[in-house]
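Every read-out reported here was derived from the displayed coordinates using simple, explicitly stated rules and does not represent laboratory data. Just so you know, these numbers come straight off a predicted model, no measurement behind them. No Cβ is skipped: glycine too gets one built from the backbone with ideal geometry, and neighbour counts run over all protein chains shown.
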């Protein structure tokens, strides 16, 4: 049987550090695959006017699976300023390549587990009723609609006249009637019924499969009545097919407050694109931060797995890499789960858990140090030393 082929996209900054470390762990765990490098990121925007080249899309279309590190994104004016002068004024516009990839392949289901590792010094603690310290076990899995909402890219500064005229037919636009068109910046929040129902149903299916007792819709239907309202209404319809799973409804603002009150009460959470992004980062903060935050982007044919941290360019050029590779390793485990290699995935997760519990090898974030080039000299593990420790536990 031929080796499985995985498209490897390190991207920018620390993505180029953590992705090779995850592949080292996969190799050590006995996962037999061929990794095909693909270009993505800031370099290709600056030199080619496209941070997601067609050749990378072609590789993903062919091989169906991708591991992705991180990308750097910058606002429009900064992106335009860094474009090769020979490419300027030729109609090139910067768009986030990971967002573009999700939309190109309709990777509309994002899954972001946020689960406690025993012994992690970064785990959330609170004061108990008796005055002592309590460390609740967090086990939340966020389902984020990944292609629509505020990330859909339908927006304008100084909207075209026909768009402006259409918007002005809405009664609420009278509040902006005195604002000159050139002073308007407008972003849309689009939910479609099929995509919204799909993410909700995926959340309930996951809860059923893994024994979660509730699915929480985390939106804002009391204000965003059409979009958030659609998700909540569809969730009520879908929940009738899962009578053993409770449906909860929280507003995103209140949910962020409750994160530090009773995070152990929440199981599967489903939200639109922006609120899913927010709530997943919030829960990640309770289980160790972005060094532990993994994710999947899943479509009908293609799936891409990535840590949710950014490219952190200030750390990328340190002589000794210091960043925590665990989020990337756990993202690789999600890929293994997706293709049915669950035994290998569980071995790797068990190895990560053993390293964290033992507490002898900790990256700078786990030691609550400020990220600096000298943290390894002060006792923090380097990126490679953490990988070595995980492999040793295998």
* Structure fact -> By Cβ neighbour count within 10 Å, fewest first, 294, 46 rank 46, 294
* Asked: Can you sort 64, 213 by how many other beta carbons sit within 10 Å, fewest first?
  -> 213, 64
* Can you tell me the FRET efficiency between residue 78 and residue 372 if r is taken as the Cβ-Cβ distance and R0 is 25 Å, rounded to the nearest 0.05? => 0.45
* Asked: In whole percent, what relative contact order does the range 260-311 give with Cα contacts below 8 Å and a gap of six or more residues?
  -> 22
* Which order results if 154, 109 are arranged by neighbouring Cβ count within 10 Å, fewest first? -> 154, 109
* To do: Over the range 25-107, calculate the relative contact order: mean separation of alpha carbon pairs under 8 Å at least 6 apart, over the residue count, as a percent.
  => 32
* Normalised by the number of residues in the chain, what is the relative contact order in percent for Cα pairs under 8 Å and 6+ residues apart? -> 22
* Give, in nm to one decimal, the length gained when the segment between residue 137 and residue 16 is fully stretched (0.36 nm per residue of separation minus the Cα-Cα distance). => 40.4 nm
* Fully extended, how many nm does the chain gain between residue 188 and residue 93 (0.36 nm per residue separation, minus their Cα-Cα distance)? -> 32.3 nm
* **Centre separation in Å (Cα based) which lies between the range 187-224 and the range 1-70** => 29
* Structure fact -> Per the helix-only model, the chain has a calculated mean residue ellipticity at 222 nm (DSSP H runs of ≥4, -39500 (n - 2.57) each, divided over all residues, rounded to the nearest 500) of -11500 deg cm²/dmol
* Structure fact -> Extension length gain for residue 213 and residue 172 (0.36 nm per residue less Cα distance), in nm, is 10.7 nm
